[in-house]
Amino acid sequence: MTSTADAQVTSPRSKKHGSFLGRTAGSPLLRLIIRRVLLAVPLLLAVSLLVFILLEAMPGDPARNQAGMDATEDQVEAVRRSMGLDRPAPERYITWLFGFLRGDLGVSSVSGRPVAELLAERLPVTLELVGLAFVLSVVLALPVALLAARKPGGIVDRLIMVFSMTLLAIPNFVMALLLVLVFAVTLQMLPAIGYVPVQVSLVDNLRSVTLPVLALAIPMACFYARFLRGDLGEQLLGAGYIDTARAKGAGIWRILWLHAFRNSSFGLLTLVGLNIGALVGGTVIIEQIFAMPGMGMLMLQGVISLDLAIVQSCVFIFAAVAIFANLFVDIMYAVLDPRIRYGSH
Amino acid sequence: MGQNQSRLENAPILTVENLRVVFSKHGREVQAVNGLNYQLSSGRTLAIIGESGSGKSVGVRSLMGLLPPSAKVTGSVRLNGRELVGLSEKALMSVRGKEIAMIFQDPAASLNPTMNVGSQIMEAIRLHNPMKKREAEVKAIELLKLVRLPSPETRIRQYPHQLSGGMRQRIVIAIALASDPKVLIADEATTALDVTTQAQIMELLVDIQERLGTAVIMISHDIGLAANYAHDVMVMYAGKVVEHANTKSLFSNVQMPYTKALLGAVPQLTTIPHSRLTVIGGHPPDLSNLPTGCPFAPRCPRATNVCTAEEPPLERQNDQHSYACWHPVGGQPLEAAGTADVLKVDAQDGACSESSTSTQERAVFASSLDERAKR
Amino acid sequence: MAVTSAPLRPELGGASPAPTLPRTGVRWSKFRRRMITWLSGGTVVLLILLCFLGPYVLPLHPPVGGSVLNSALPPGSPGHPLGTDVNGNDVLSRLIHGGQASLTVGIAVNLIGLVVGGSVGAVSGYLGGKSDTAIMRVLDVLIAFPSLVLVIVLAQVLGPSLPNTIIALTAFSIPAVARIARSSTMKVMSMPYLQAAQLAGSPWWRILFRHIVPNIVPQLTNFLMLGMAIVIVTEGALSFLGLGIPAPNPSWGNMVYEAQQSMSATPQLVLWPALALLVTVLSFNLLGESIRDEVNTR
Ligand SMILES: Nc1ncnc2c1ncn2[C@@H]1O[C@H](COP(=O)(O)OP(=O)(O)O)[C@@H](O)[C@H]1O
Ligand code: SF4
Ligand SMILES: [Mg+2]
């Protein structure tokens, strides 16, 4: 949903290789990976702290929530003590942090079940949605961008650009409803809501996730396609190695795929990494619309019912996923780009 | 037309007739190339010189259809008797690299930064001569030996950024030679290199030409380079040929004031480093709105009314020398000439005015005529 | 709406669409670009006028408190050009009032983002060194969150209301604007004239307001257009989830939500707010691109 903004914030090309290399010995690749990982740790800590502070500010009294509306003051106090809420905030933060590291995420005040157990149920659903949407968005964007770049300014190019600009302007929750309207309500081809686990039936599982995955993937695919088309077109116009390839006698597809796309792939990778956050955030609303029992829905229910233990873990995991995705992209970038892999001469 | 003994013995491999290129992008018609005529035989080197923007690159790119779709090419280009103008993209693909190969100016940009150099050479080999990767690799190493790249077996796995500019250009040359082309075009192939490397690369090209009998078109705005390495020189201005001669004849007997001015723009060895270069005053004409008459007239100190009224034809002075000028410097006026001696100008007097480089084409020349005379 | 209309003025004043197609390509491509600027800019202006003045000048029904007797009238019903929703409220009126909410949120969030984020970014870029690193690390923490997740939690902390929605959404806009302002500032800082000004001993505030602020405005303006689109969409999502503009007050997001509840019976109710969102987002995106092209070619 924030794809446009994220791209705006960091132009992929601005990620210049080498600039963040330290001066220590060792392979430049290894140094880079270590540095990136070391930077991610304090960020994760800061994120967890911010989550904790936010939840402190949440309205309502979790102890009273837990104890029930008609509990007496004493009962509420007892619950408060049993939940550890009577202790000072810094202590509670430390406790939560170490608990989290041990895999003890606390207990949901609404369902009374351990948060870890709930997450174990919900996480696969969200990961399936995010994973499929991620793959689909890239897989859709590639051929479309290549097709458009084959003849810059041609009719195919223009149609693709107009079409993608329009689809990009449809928010994913609206896209979700439009898809339901067409494929579930009108054509009755796919289920409108509900999730079927893979264990039950692979076909039904795929049918149940098709629409949510499309709703997540289509706007992203348009965004990637537009970026890729622009980058490919720029190279076709002015890059020396494209001239060399043409002078060799290479055809347009070979040039686009083997030469131009190879160079665009780094920019695309950065963009995709930046958008993982938006993709993961998108599951909150998409899971709600399609009644998918994933983490997004768990978090939303937690937020609405002030189930602090759940919100704390879910929000932290969402942010951690985004941070790790970016970390992964940075490392992939370094692994794939020979200019970083081998350092400069 | 610079014809000589060897040319008569050796039938031309490339014949270009009335080649014109018009760009009609953005609604304006840019007449980049306006009627080129030349022939080239195997084993010969033709230098094309001129200020930048004079249509040198467009002129040679059009030979192999390497222009954007906005370019319209007319005229005739015959390679071994086969017409190339108007060929389909697919047919051109089998010409590129195989019949005509090209080396570009900037070796840093000419190689794909994401592929190792070996696969870039192997791609060129296998495009026209399908073979196994193994065999292609053997051939690639041979090519690297041909272009005298040290330790080719390890270089082949390296990436462009790990190589120096000179090494990169050797790779680019290896790519160009991959399918044993009949014509090799070097578009300012040494401009981006330092003087020493420049000489090495030029020597390499000469050596390869002698060994393989390739016909070479070298583009340069460095007259010194042309004088040293080319058999014939063609001077272009505003998309036209203004002087075309055997190298010796050209330098001993310059006719066209523009050529003369280009010669004057070569810095002498005595020139203080980083002092202002002598450059030709004024601008080249607007290619979307060419004046009638001689295109050089607005900048030419010898210009008269005839010059602005009527375009001088490319006249043959003798077998080895043609030029297009009503009042040639050599003092052999064409018929229409009226006031040949009115202005006796040479580079030092004013054809080349010393002026700031901000408004002019910056012609940077690396070596001097004096130096060349000694070699 | 100074932010959106200011950079447009030269553009709108400079080009009047020719009645016939221009002959040549330069003019044609330029004309097409101007057309897009005109169309998107015009749509934005029209939307703003419609949503902010419409409630006063148009004979609209109130957006809330309709009678269930009028429930789900089809489009074209007398007095209800776009029909009514399940609660019997006039769809057109709700669209216009909802648009007012969306645009208010969008403008306010971006203005706050511009002022706060712009200053933070400019100061951070200007100071450089340790303070810059510190400020950027703090922003990194905010940016690390998937924005919708952060905004949802904030909205819940603050409680659903129009002002709170605005505050929650600034958590997204401030760091984003700050990053852009910072990188633009650093670019300006390396310019010779700026170093000259520093050497000449101009005080920092003078350098900031005389040299840096005017130079980062084009970048920020382009981003603000995209920011409008993003904020409007995120507000829609928030209201859709019931955490933004509280029902029964209309917003495009909660209209989509209400329509979803009755989708099989009255599918057309989804289309109206969807269309409104599409047109608005598209216009702001196109306008942002036009401004960027205009800035780049200059
Ligand atoms: N793609 C193009 N579109 C329009 N004009 C072009 C294009 N490429 C080259 N030209 C024009 O053709 C002229 C000759 O260019 P070029 O052959 O590159 O000059 P040179 O190689 O002699 O420096 C230039 O004036 C340039 O403006
Ligand atoms: S024809 Fe006239 S203007 Fe042209 S070069 Fe000769 S003397 Fe100069
Ligand atoms: Mg050139």
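Across segment C:124-130, computed HN-Hα scalar couplings (Karplus, 6.51 cos²θ - 1.76 cosθ + 1.60, θ = phi - 60°) run 4, x, 5, 5, x, x, 5 Hz from first to last residue, x flagging Gly and Pro. Taking label points 7 Å from Cα along the Cα-to-Cβ direction, B:Lys72 and A:Val156 give a separation of 2.6 nm.
For a test of the definition: using alpha carbon positions, the gyration tensor, and the 1.5 limit on a/c, classify segment B:7-114 as rounded, prolate or oblate. It is rounded, given that a/c, with a ≥ b ≥ c, falls under 1.5. On the basis of the beta-carbon distance and an R0 of 41 Å, B:Lys90 and C:Ser262 show a calculated FRET efficiency of 0.10. Spacing of the modelled spin labels on A:Phe98 and C:Trp205, each 7 Å from Cα toward Cβ, amounts to 5.0 nm.
Put simply, the amide H of B:Gly35, placed in the peptide plane, has neighbours under 5 Å in B:Leu19, B:Arg20, B:Val21, leaving out anything fewer than 5 places away on its chain. Taking amide hydrogens as placed 1.01 Å from N in the peptide plane, the amide H of B:Val242 sits under 5 Å from those of B:Val235, B:Met236, B:Tyr237, each at least 5 positions away in sequence or on another chain.
Excluding residues on the same chain fewer than 8 positions from A:Lys248, give the lysines whose Cα lies under 24 Å from its Cα. Here the lysines satisfying the reach criterion relative to A:Lys248 are A:Lys151, B:Lys56, B:Lys72, B:Lys90, B:Lys98, B:Lys132, B:Lys133, B:Lys139, B:Lys145, B:Lys182. Which shape class applies to chain C: rounded if a/c is under 1.5, otherwise prolate when a/b exceeds b/c and oblate if not, where a ≥ b ≥ c are the square roots of the Cα gyration tensor eigenvalues? Oblate is the answer for chain C, as a/c is 1.5 or above yet b/c matches or exceeds a/b. Name the most mobile residue of A:Ser82, A:Ser264, A:Ser164, meaning the one with the largest mean-square fluctuation, in a Gaussian network model of chain A with Cα contacts below 10 Å. Among A:Ser82, A:Ser264, A:Ser164, the largest GNM mean-square fluctuation belongs to A:Ser82.
Of A:Phe173, A:Phe328, A:Phe266, the sequence from fewest to most neighbouring Cβ atoms within 10 angstrom is A:Phe328, A:Phe266, A:Phe173.
Note on A:Ile34/B:Ser164: beta-carbon distance plugged into 1/(1 + (r/R0)^6) with R0 of 25 Å gives a FRET efficiency of 0.25.
When the scattering of the protein assembly as shown is computed by the Debye formula from its Cα atoms alone, each counted once and equally, what is log10 I(q)/I(0) at q = 0.05, 0.07, 0.08 Å⁻¹? Taking Cα atoms of the protein assembly as shown as identical point scatterers yields -0.42, -0.77, -0.94. Across segment B:79-88, rounded Karplus estimates of 3J(HN,Hα) from the backbone phi angles (6.51 cos²θ - 1.76 cosθ + 1.60, θ = phi - 60°) give 10, 6, x, 8, 6, 9, 5, x, 5, 5 Hz, Gly and Pro being marked x.
The H on the amide N of B:Ile219, modeled in the peptide plane, is under 5 Å from the matching H of B:Ile48, B:Ala186, B:Asp187, B:Glu188, B:Ala189, each at least 5 residues off or on a different chain. Other residues lying with their Cβ under 10 Å from the Cβ of B:Ala238 contribute a combined charge of -1, Lys and Arg counting +1, Asp and Glu -1. Once you have the Cα-Cα distance between C:Val116 and C:Val86, take 0.36 nm times their residue separation minus that, and quote the gain in nm to one decimal. Net length gain for the segment: 6.6 nm.
Each residue, A:Leu85 and B:Glu135, gets one label point 7 Å from its Cα in the Cβ direction; the gap between the two is 7.9 nm.
Within 10 Å of the Cβ of each residue in B:110-118, the mean number of Cβ atoms contributed by other protein chains is 6.
Report relative contact order for segment A:193-345 in percent, whole number only (criteria: Cα-Cα under 8 Å, sequence separation at least 6). 23 percent. Partners of B:Lys260 within straight-line reach, counting lysines whose Cα lies under 16 Å from its Cα and excluding those fewer than 8 residues away in the same chain: B:Lys248, B:Lys344.
Note on C:Asp293 and C:Leu60: the extension gain reaches 80.0 nm, defined as 0.36 nm multiplied by sequence separation minus the Cα-Cα distance. Once you have a ≥ b ≥ c as the square roots of the Cα gyration tensor eigenvalues for chain A, tell me rounded if a/c is under 1.5, and otherwise prolate or oblate according to whether a/b is larger than b/c. Judged from the Cα gyration tensor, chain A comes out oblate (a/c at least 1.5, b/c at or above a/b).
Any read-out appearing in this document is the output of simple, stated calculations on the displayed coordinates, not a laboratory observation. What you are looking at is a predicted structure, and each value in this text was computed from that prediction instead of being measured. Heads up, the Cβs are rebuilt from the backbone with ideal geometry, glycines too, and the neighbour counts pull from every protein chain shown.
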